[in-house]
Amino acid sequence: MNTFGIVFLTALAAATAIRLFLAGRHLSHVRAHRARVPGEFASEIDLASHQKAADYTCAKTGFAMIDVVVRALVVLAFTFGGGLQWLHDISTAWAAEGILRGLLLIALVGLLTTLIDLPSDLYRTFAIEQRFGFNKSTPGLFFADLCKGLLVGAALLLPLAALIIWLIRELGAYWWVYAWAVTVAYGIFVQFIAPTVIAPLFNKFSPMEDPELKARVERLLERCGFKVKGLMKMDGSRRSSHGNAYFTGFGKSKRIVFFDTLLAQLDPPEVEAVLAHELGHFKLRHILKRMALSSAVSFGFFWLLGFLMTREWFFEGLGVASPSPAMALVLFMFASPPFTFLLQPLGAMLSRKHEFEADQYAAQHASARDLVSALIKLYRDNASTLTPDPLYSAFYDSHPPAIARIARLQKA
Ligand SMILES: [Zn+2]
């Protein structure tokens, strides 16, 4: 093992240890606050709901701790354990030297990692979600989703991978600039077709019907000066009773999607407030800002990949004796998470800032009080904990803790 191998192992061990430490803190914090509903929520959330949220959070976090260790072992098996070298040998036996061999390696890695993740996905859905009454999926639907996901993933990613391998083989030292530009453009294209081409493969979308709600929503859109064709209801209840709403696509394909479960949980004024929050994300250009930021970050990643690809120590250090462009892509995917792990709190922090801003927007264009009551209902019905560990939450959470969000909205 060379120096890079030792650096990688150290980073992997450190990232795993930090994840376990944070999860352990979260578990004990949630347990310690299980006995009593926090004062701010005492009148809206009963003790049974609060304790269900605590138990649900502990079940998920406890299992996530096992998963963290398993994932680290899987990375070790693929790299130092010779897993990638073995897949390389298979792809060499099956395909002649060229782009096809590279694609075969990438497809085999994708298939194998999906199969390795399968037991924990099954446990999450049919043990944890089931136990707390959230799972609505069946084994048949689960496996249909799995197959569709694999096919869609292959259809979307393999052409891009083929193009990148081709650029690496054909262009000189600056292939990575072209590969970056192609990847960013392709990402925009995928986001554009996602609402109309990809999402309908998994869910049914229908226009929102309720006349009272529709009238409210149209007034809100007019107040905000917003043109959106698609205001859709999605059959989220097919898989889970968790409710949600999201913004998707852009340009002409942009639409706002409400889970049917969310529409069932909230009154029309609350739906309006949630919609105003989603409009806030759009009006405040959060989506554009995120895309710009992730493009900038991926520029750095492609530069790094271009650098590493020409260094033998990168391959050797991770237990691979057969360098190739496809192997470099795969190895980069396995090797980067322990290093980029420390960027996670920065991303989460930015996301929480955007959530506060979208809440503020909703308070100005709809009613802060309705958004507060919607949030409380969503926390209660989704069994989201009201008492996360502060450090854990700062590190991971894309949304601010309920108490912080509600306190700001009440001031608005
Ligand atoms: Zn939001």
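Just a few scattered comments:
- Part-to-part distance (alpha-carbon centres) for segment 192-212 and segment 250-320, which is given in Å: 19
- The residues of segment 326-367 expose, per residue, 41 Å² of accessible area to a 1.4 Å probe.
- Net charge of neighbours whose Cβ lies under 10 Å from the Cβ of G280, counting Lys and Arg as +1 and Asp and Glu as -1: -3
- With every protein chain in place, the chain: carbon and sulfur % of accessible area (1.4 Å): 66
- Among the listed pairs K233/K411; K60/K254; K233/K353; K252/K411; K60/K411, a Cα-Cα separation exceeding 30 Å is found for K233/K411; K60/K254; K252/K411; K60/K411.
- Only helices enter the 222 nm calculation for the chain: every DSSP H run of n ≥ 4 contributes -39,500 (n - 2.57), and dividing by all residues gives -23000 deg cm²/dmol, rounded to 500.
- Summed residue charge, Cβ within 12 Å of A23's Cβ, Lys/Arg positive, Asp/Glu negative: +1
- On a per residue basis, segment 1-117 carries 51 Å² of accessible surface, using protein heavy atoms and a 1.4 Å probe.
- Per the Cα gyration tensor, the chain maps to an equivalent ellipsoid with semi-axes of 40, 26, 21 Å, ordered largest to smallest.
- Candidate residues K233, K353, K252: accessible-area rank, largest first, probe 1.4 Å: K252, K353, K233
- Cα long-axis angle, helix 211-223 against the chain (0 to 90 degrees, to the nearest 10): 70
- Contact order, relative form, for the chain: 25 percent (alpha carbon pairs under 8 Å, 6 or more residues apart, mean separation divided by residue count).
- Residue (of A96, W175, A35) at the positive-pole extreme of segment 34-186, dipole from beta-carbon charges: A35
- Of the listed residues F282, F134, the order by accessible area with a 1.4 Å probe, largest first, is F282, F134.
- Each other residue within a Cβ distance under 13 Å of N2 adds +1 if Lys or Arg and -1 if Asp or Glu, for a net charge of -1.
The values are calculated or read from the model by the stated rules, or taken from the named source; none is laboratory data. Please read these numbers as outputs of a predicted model, since none were measured by experiment. Methodologically, a virtual Cβ is constructed for each residue, glycine included, from the backbone with ideal geometry; neighbour enumeration extends over all protein chains shown. Remember, those area values only see protein heavy atoms, side chains included, never the ligands or the DNA or RNA. Shrake-Rupley method; radii C 1.70, N 1.55, O 1.52, S 1.80 Å.
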